[in-house]
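Colleague: Once you've had a glance at the structure underneath, I'll fire off some questions.
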Amino acid sequence: MKEMRLHKREIHDKDALKSLIEQCTVVRLGLTDQEGMFIVPVNYGYDLADSENGLKLTLYIHGAREGRKAEAFAQNPAAAIEMDCMDGIITGDYTCSYSCAYRSIMGTGTVQELTDEQEKVRALTKIMEHMADGAAIEFLPDMLARTGVYRIDVKHFSGKARESR
């Protein structure tokens, strides 16, 4: 994987990465299909575990089982991921010295549709816990049958931050 150009902005702290993944609510997926590249923003749930190579991230998303996104998953399961939290505007002395304070994660992974009902329920529960923690959770069988539930095994990701002055 190519090194980050501005090493000083890379987030190395595992707790800071975990916090960022928890605070973000949208992951943008970069996908490719026969029409070319496109980006889809989706809500997500996740599993995050320590591994010998750092942190192991697994994302869970859901959506229709047909349409451009689902067709792209079936044709080419490779995906780029991006999530971010904007932390404010950095003002400057002149126009081009303005910027944004932010924290972000970028990476790559592979998408797999979940077909086992118990796996789907677990993934959808992870999404609900992340997006609406404490909400009542009930998945009806016909809803589970109609819903596409996907796991993204993130192969590599890195965090980056620019702090406000």
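The values are calculated or read from the model by the stated rules, or taken from the named source; none is laboratory data. On a predicted model such as this, the values are computed, not experimentally measured, just so you know. Cβ atoms come from the backbone with ideal geometry, glycine included; neighbour counts cover every protein chain shown. The area values use the complete protein model at the heavy-atom level, side chains included, leaving out ligands, DNA and RNA. Shrake-Rupley method; radii C 1.70, N 1.55, O 1.52, S 1.80 Å.
Colleague: So for Thr147, Thr91, Thr32, what's the accessible-area order with a 1.4 Å probe, most first?
Modeller: The ordering from most to least exposed comes out as Thr91, Thr32, Thr147.
Colleague: Enumerate the calculated ³J(HN,Hα) couplings along the stretch 147-152 in order (Karplus 6.51 cos²θ - 1.76 cosθ + 1.60, θ = phi - 60°), each rounded to whole Hz, writing x wherever the residue is Gly or Pro.
Modeller: 8, x, 10, 10, 10, 10
Colleague: Here's a follow-up. 5 Å is the cut-off here: which amide hydrogens, built 1.01 Å from N in the peptide plane, fall below it relative to Lys155, excluding neighbours closer than 5 in sequence?
Modeller: Counting only residues 5 or more places away or on other chains, the set is Thr108, Gly109, Thr110.
Colleague: For Ser164, Ser51, give the ranking by accessible area with the largest first, probe 1.4 Å.
Modeller: Final ranking, largest accessible area leading: Ser164, Ser51.
Colleague: For the chain, what number of Lys pairs, 8 or more residues apart or on separate chains, have alpha-carbon atoms under 13 Å from each other?
Modeller: 6
Colleague: Please list Asp93, Asp33 from largest to smallest accessible area, probe radius 1.4 Å, with all protein chains kept in place.
Modeller: Working: Asp93 155, Asp33 20 Å².
Correct descending sequence by accessible area is Asp93, Asp33.
Colleague: Add +1 for every Lys or Arg and -1 for every Asp or Glu among the other residues with Cβ under 13 Å from the Cβ of Ala123, and state the total.
Modeller: Value of the local net charge: -3.
Colleague: Along its principal axes, what span do the Cα atoms of the chain show, with the longest given first and each in whole Å?
Modeller: Each principal axis gives a Cα extent; for the chain these are 58, 40, 34 Å.
Colleague: Hey, another quick one. Taking square-rooted eigenvalues a ≥ b ≥ c of the alpha carbon gyration tensor, is the stretch 98-162 rounded, prolate or oblate, where a/c under 1.5 means rounded and, failing that, a/b exceeding b/c means prolate?
Modeller: It comes out oblate by the Cα gyration axes.
Colleague: At 1.4 Å probe size, what's the solvent-accessible area of Asp13? Round to the nearest 10 Å².
Modeller: Its accessible surface works out to 90 Å², give or take rounding.
Colleague: Considering amide H positions built from the backbone, and no H for Pro or chain starts, which residues 5 or more places from Leu114, or on another chain, come under 5 Å of its amide H?
Modeller: So Leu114 has HN proximity to Val149, Tyr150, Arg151.
Colleague: Give the Cα extents of the stretch 84-127 along the principal axes, in whole Å, largest first.
Modeller: Projected onto the principal axes, the Cα atoms of the stretch 84-127 cover 57, 20, 11 Å.
Colleague: Let me ask something else. With every protein chain present, what accessible area does Glu117 have (1.4 Å probe, heavy atoms only), rounded to the nearest 10 Å²?
Modeller: Its heavy atoms expose roughly 110 Å² to the probe.
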